[in-house]
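The values are calculated or read from the model by the stated rules, or taken from the named source; none is laboratory data. A quick note: this is a predicted structure, and the numbers were derived from the prediction, not measured. Here Cβ is always computed from backbone atoms with ideal geometry, including for glycine, and neighbour counts include all displayed protein chains.
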Amino acid sequence: MKFSTRAEYGLKAMVNLARCYPEQKCIKTICQEEKISIKYLERLVGELRKGNLVKSQIGKSGGYVLAKKPTSIKVGEIIEILEGPIAPMKCVGKKCVREKTCSSFGLWNKLGEQIKKTLYEIRLSELVK
């Protein structure tokens, strides 16, 4: 299983916001500090906002702030908002017609459950240094 830059950069931005929580931060500053393209980060933050993890303030003194405390945000939430369901194979997490006859379905399903469990056990606050 390989996560894309969506997960990598989105998580970096969320950790950045967690460092200054409850203060807000402009996206340009986050981009400079994390070395992420502003257009790309705007899209990712937009998805995180739709997922109720980030709030935005419009205007000259506007910016972004976490929608809840970093101790309340789980890394799994962030990843699933940006990447979709956590599954090592396309068939995991869905109803598969070959589920009963597939010799490896149990392995992939168990692996997917463990990855998801691990990501949901880690809180954003644990990543702040």
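Some points to look at:
Here's the yes/no breakdown for (1) closer than 27 Å to K2 by Cβ; (2) modelled with pLDDT of 95 or more; (3) touching a strand residue (DSSP E or B) at 6+ places or on another chain (Cβ under 6 Å); (4) loosely packed, with under 15 Cβ neighbours inside 10 Å:
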position: I58; (1), (2), (3), (4): no, no, no, yes
position: I73; (1), (2), (3), (4): yes, yes, no, no
position: P85; (1), (2), (3), (4): yes, no, no, yes
position: P88; (1), (2), (3), (4): yes, no, no, no
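- Filter result for L119 (modelled with pLDDT of 95 or more and more than 14 Å from L17 (Cα to Cα)): yes
- Residues being surrounded by 15 or more Cβ atoms within 10 Å (Cβ to Cβ) and among the small types (G, A, S) - total across the range 112-129: 1
- All positions within the range 9-34 that are at pLDDT 95 or above and loosely packed, with under 12 Cβ neighbours inside 10 Å: Q32
- Boolean, I78 is among the β-branched types (V, I, T), buried (at least 19 other Cβ atoms within 10 Å of the Cβ) and in contact with a Lys or Arg (Cβ under 9 Å, 6 or more places away or on another chain): no
- Meets criteria (among the aliphatic types (A, V, I, L, M), buried (at least 18 other Cβ atoms within 10 Å of the Cβ) and within 18 Å of E126 (Cβ to Cβ)) for L44: no
- Selection status of G112, touching a residue at least 24 places away in the same chain (Cβ under 8 Å) and small (G, A, S): yes
- Helices (runs of 4 or more DSSP H) fully within the range 3-77 counting 1 or more residues that are farther than 29 Å from K117 by Cβ and in contact (Cβ under 8 Å) with a residue 24 or more places away in the chain: 27-34, 38-50
- Of S4, S37, all but one fail to be within 20 Å of Y120 (Cβ to Cβ) and either surrounded by fewer than 18 Cβ atoms within 10 Å (Cβ to Cβ) or among the charged types (D, E, K, R) (or both); the exception is S4.
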